[in-house]
Amino acid sequence: MLSKKPLSYFLALSRNKHALLDIAAPAFCALLWLGAFPPTSVTILSLITAFAGYTAIYALNDIVGCKVDKVKMAHTGGGQQYCVEAGDLRHPIAQGLISYKMAILWMSFWLLVAVLGAYLLNPYILIILGLAAVCEVAYCMLLRVTHWRIILSGFVKAAGPMSAILVVDSTPKVGPLLLLLSWISLWEIGGQNIPADWNDREEDTRIGAKTIPVRFGEGISKRIVMCAALLTVISSCFLVTISPLPLGPTYVAWMLMIGIMIIIMPAYSLYSATKITTEPARLFDIASYYPLALLVLTVGAIVLRHVF
């Protein structure tokens, strides 16, 4: 089967469409923190390192969870597939499209690229990369243990933005870093993790997984998603305080509008639905574009500052 289109299987292993979207989060945070574009050489190396890091970590997720994925995929059903995921190619190891050994080699190659890039950018990023890998492994292994593993997902998602800050500032202040960590974690919990687990709730229930939707059911899960969505957008307004850019009310208004359109509205659609079908997958898909939209907004603010 690999001989037909092997690269697509490996890209699906690393969920590369999603990984590419995730790169927008560290890019946004770095530009906001610095208030300007980094040197071209730093930008190129950072993009390569970020791509390698996300590619490796997503592959690691499937490698560690392949046994559980095989059990899941032995049964039909499940929710609506995500547009930003790999569709029918999801979990290629579990489907037998990629051998475990080849998956390890693929992950190891990109992890090595990420390690080399991180070392060149700022050796302290290696600590974050290592912690992210450990948290990702723990997150997968705790699937049948506790729903509190969701906290680990917040750190893993924030590892990229935290690393990006270290690229542009070798001695960042702790307060702004904690603000970014909180904002990213809220977005991950309300817009990514819970909707993804909700989409897989039927299969997760069958295998005895411990997730928020399985543990608390629809009612409480709806409220958690809605609260996380609101807090994500509210906390985003404080991000302007970490930037040297003179970001005024217009920037904040655009940031609020983006948050309302991309986070709050799809979250409210899930919250208000009486019969939930595609709403979790739709929230996951739309929320995945949130950092990209903020990146475009911030690039525009920097360009306008130089023009005027």
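Computed from the coordinates by the stated procedures, all read-outs in this text should not be read as laboratory data. Because the structure is predicted, anything quoted here is derived from the model rather than measured. All Cβ positions, even for glycine, are placed from backbone atoms using ideal geometry, and neighbour counts span all protein chains on display.
Here are the numbers for this structure:
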| quantity | calculated |
| --- | --- |
| DSSP H segments from the chain that extend 30 Å or more along their own axis, Cα-based, with Kyte-Doolittle mean of -1.0 or above | 40-64, 100-121 |
| Prolate/oblate/rounded label for the chain (Cα gyration tensor, a/c 1.5) | oblate |
| Label point distance in nm, S170-R144, each placed 7 Å from Cα along Cα→Cβ | 4.8 nm |
| Inter-centroid distance (Cα atoms) of the range 215-252 relative to the range 136-193, Å | 15 Å |
| Ordering of 12-25, 120-133 by packing [mean C-beta count within 10 Å, highest first] | 12-25, 120-133 |
| All lysines inside 23 Å of K210 as judged from Cα atoms, apart from same-chain residues fewer than 8 positions distant | K67, K70, K72, K157, K222, K275 |
| Residue order, fewest to most surrounding Cβ atoms within 10 angstrom, among M102, M255, M107, M265 | M265, M102, M255, M107 |
| Where labels lie 7 Å past Cα in the beta-carbon direction, separation of R305 and L256 in nm | 2.2 nm |
| Separation in nanometres of the label points that stand 7 Å from Cα toward Cβ, at I44 and F109 | 2.2 nm |
| Global geometry of the range 142-261, whether rounded, prolate or oblate, following the gyration tensor of its Cα atoms and the 1.5 cut on a/c | oblate |
| Amide N of the range 125-160 lying under 20 Å from the label point, which is placed 7 angstrom from the Cα of T205 along Cα→Cβ | 143-148 |
| The chain: relative contact order in percent, alpha carbon pairs under 8 Å with at least 6 residues between | 25 percent |
